[in-house]
Ligand code: 2M8
């Protein structure tokens with residue numbers, strides 16, 4: 001049964017293959033996305049290491065001079081996606097690459113974790129040697145540019161950087177953005193999948209407002225931090241960066257480079273993660289609104305992802321697991337058969353078809369399975385793995401799934417759903 005699932009998953013990746021990169025889906029996402037490609041490389045590494053390396057190399061082609069790896073690298077063969085290169089106008093920044101079109105923001109740095117997977121599977125250091133400098137530059141950019149005060153937590157400047165675009169976590173800040181007039185733009189996404197499975201126009205107005213703001217400030221970080229209403233220390237991105245720092249440390253050790261820098265980053269992150277993001281009363285990790293200097297009290301799946309990174313103490317992990325097993329929040333109940341929803345069912349924003357406001361996403365289940373395994377909750381990890389595979393078996397490689405009905409929503413044949421299913425079935429963590 002599972003072998004058949006792997007075969008089908010490979011066919012999804014082959015169908016979305018653009019040669020040296022893979023688009024997330026056939027029509028809705030026709031370009032290369034940063035963390036999608038890293039998840040895809042983790043899947044590819046199980047059966048085609050050369051193609052996995054190509055996926056990473058093509059992502060690095062888009063790297064900016066300041067080290068940032070952008071969230072989208074545009075495929076010049078298509079224009080059917082908004083926002084397009086003209087919306088970003090990255091040439092306004094002297095840091096942007098000259099001959100390649102990209103967006104002007106980033107996404108969670110899963111790339112370094114994917115590279116470590118590839119290197120471990122190959123059991124050779126060549127690829128680590130090849131890409132180490134580029135990865136180091138990306139991490140330095142994160143830690144210096146996005147954490148200018150050296151606090152140990154980096155900030156995101158757009159909900160798209162979190163990868164969880166319309167998460168309830170961002171709503172309070174976005175609601176405060178009062179637009180004098182609506183930005184003018186034409187969406188493509190809600191013509192390709194049912195509009196109620198996509199962010200609303202009100203969400204998009206604010207996404208575009210923040211994109212315009214960053215562009216009009218020529219992607220100058222100091223200006224953006226000073227002028228944007230959206231500067232947030234995101235639990236998810238900082239958890240992934242912490243894991244990525246650890247992967248970078250391992251790559252450095254392998255090729256005889258110093259390991260102190262990533263070690264120091266990790267040390268600082270661990271401290272501030274605890275002191276600023278852990279909320280002991282609610283027993284959840286919460287994002288911090290850096291601009292407004294306040295905690296964002298939203299119970300979403302992001303609050304549980306520090307398990308993946310090993311950033312929770314054992315006591316905190318036990319309490320996080322209680323949320324996961326509570327039927328009022330993340331566990332099945334009479335109305336909700338499938339897990340794990342991306343927002344707590346107790347949230348007033350919970351919406352079972354609402355994109356990142358409730359549906360099940362395979363990458364989030366994957367993070368939780370890996371996190372539960374790390375803390376020794378093997379039974380729960382096994383249950384979620386079995387549920388995840390059963391969901392795909394039942395509804396196909398959709399982008400996300402309704403936790404109440406198990407129906408697949410968003411786009412079909414979604415690349416990271418396929419890639420991570422391969423990783424979950426093979427499950428021979430290198
Ligand atoms: C979604 O985000 C893009 C914008 O970056 C979109 O909605 O058009 C998110 O799910 C994001 O996490 C993902 O990387 C991207 C491509 O799959 O789609």
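The values are calculated or read from the model by the stated rules, or taken from the named source; none is laboratory data. The structure displayed is predicted, hence computed values, not measured ones. Note that each Cβ is placed from the backbone with ideal geometry, even for glycine, and that neighbours are counted across all protein chains shown.
Pairs are defined by a Cβ separation below 6 Å, a sequence spacing of at least 6 or placement on different chains, a first member in segment 24-35 that is in contact (Cβ under 8 Å) with a residue 60 or more places away in the chain and over 13 Å from residue 78 (Cβ atoms), and a second member that is within 9 Å of the ligand (Cβ to nearest atom) and in a loop (DSSP other than H, G, I, E, B); the pairs so defined are 33/24; 34/71; 34/107; 35/107; 35/108; 35/163. Scanning segment 53-82 for residues that are more than 12 Å from the ligand (Cβ to nearest atom), within 21 Å of residue 237 (Cβ to Cβ) and assigned to a loop (DSSP other than H, G, I, E, B) gives 62, 63, 64, 66, 67, 68, 69. Before we move on, is residue 335 more than 16 Å from the ligand (Cβ to nearest atom) and either more than 25 Å from residue 270 (Cβ to Cβ) or surrounded by fewer than 24 Cβ atoms within 10 Å (Cβ to Cβ) (or both)? The answer is yes for residue 335. Does any residue of segment 389-398 turn out to be within 15 Å of the ligand (Cβ to nearest atom) and in contact with a helix residue (DSSP H, G or I) (Cβ under 9 Å, 6 or more places away or on another chain)? Yes, the conditions are met somewhere in segment 389-398. Each residue in segment 261-284 was checked for being in contact with a strand residue (DSSP E or B) (Cβ under 6 Å, 6 or more places away or on another chain) and surrounded by 21 or more Cβ atoms within 10 Å (Cβ to Cβ), and 1 pass. Filtering segment 403-425 to residues that are out of contact with any helix residue (DSSP H, G or I) (no Cβ under 6 Å at 6 or more places or on another chain) and either within 16 Å of the ligand (Cβ to nearest atom) or at pLDDT below 95 (or both) leaves 411, 412, 414.
Counting just the residues of segment 27-37 that are part of a loop (DSSP other than H, G, I, E, B) and in contact with a helix residue (DSSP H, G or I) (Cβ under 7 Å, 6 or more places away or on another chain), which one comes out farthest from the ligand (Cβ to nearest atom)? Selected residue: 27. Tell me whether segment 9-21 contains one or more residues that are touching a strand residue (DSSP E or B) at 6+ places or on another chain (Cβ under 8 Å) and within 10 Å of the ligand (Cβ to nearest atom). The answer is no; no qualifying residue exists.
For segment 140-170, what are the residues that are in contact (Cβ under 8 Å) with a residue 40 or more places away in the chain, away from the ligand (no atom under 16 Å from the Cβ) and closer than 19 Å to residue 277 by Cα? Those that are in contact (Cβ under 8 Å) with a residue 40 or more places away in the chain, away from the ligand (no atom under 16 Å from the Cβ) and closer than 19 Å to residue 277 by Cα: 142, 143, 146, 148, 150, 151, 152, 153, 154, 155.
Taking segment 83-174 as the region of interest, the helices (runs of 4 or more DSSP H) fully inside it that hold 3 or more residues being crowded, with 17+ Cβ neighbours inside 10 Å are 110-122, 126-140, 159-162.
One residue stands out among those in segment 232-260 that are touching a residue at least 60 places away in the same chain (Cβ under 8 Å) and surrounded by fewer than 21 Cβ atoms within 10 Å (Cβ to Cβ): the one that is nearest to residue 300 (Cα to Cα), which is 250. Residue 298 meets each of the listed conditions (1) under 28 Å from residue 132 (Cβ atoms); (2) surrounded by 20 or more Cβ atoms within 10 Å (Cβ to Cβ) apart from (1). Among the residues in segment 174-181, are any at pLDDT 95 or above, away from the ligand (no atom under 16 Å from the Cβ) and farther than 30 Å from residue 352 by Cα? Within segment 174-181 (the criterion being at pLDDT 95 or above, away from the ligand (no atom under 16 Å from the Cβ) and farther than 30 Å from residue 352 by Cα), the answer is no, since none of the residues qualifies.
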